[in-house]
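Heads up: the structure comes next, in structure tokens.
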Amino acid sequence: MAVGIFDSGLGGLTVLKAVQKRLPDTNLLYFADSANARMQTKGSVIQRGMYEAALMRACRWRGWAMHAGE
């Protein structure tokens, strides 16, 4: 099992480093979306849909199963 971290362009590397330190034996998948970092000003519903869609595409492209949570 792996833990995925999606960086929307604000603070993701800090979170990644903290998780690596706390869970050193866990496989981590880091996804960064610096191209859409300016979307930080958009509504959270728009952001969530955009990021979920990008993550699902990336997982399908790699042939991974994806289970989206609430």
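Here are the numbers for the structure shown:
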| quantity | calculated |
| --- | --- |
| Filtered residue count, segment 3-19, keeping only those that are modelled with pLDDT under 85 and open to solvent by 80 Å² or more (accessible area, probe 1.4 Å) | 1 |
| Per-region count, segment 25-52, residues assigned to a helix (DSSP H, G or I), exposed (fewer than 13 other Cβ atoms within 10 Å of the Cβ) and either modelled with pLDDT of 80 or more or among the polar types (S, T, N, Q) (or both) | 4 |
| Boolean, Arg22 is surrounded by fewer than 10 Cβ atoms within 10 Å (Cβ to Cβ) and at pLDDT 80 or above | yes |
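The values are calculated or read from the model by the stated rules, or taken from the named source; none is laboratory data. Being a predicted model, the structure only gives us computed values, none of them experimental. Backbone-built Cβ (ideal geometry, glycine too); neighbour counts: all protein chains shown. With ligands, DNA and RNA removed, areas are computed over all heavy atoms of the protein, side chains included. Shrake-Rupley method; radii C 1.70, N 1.55, O 1.52, S 1.80 Å.
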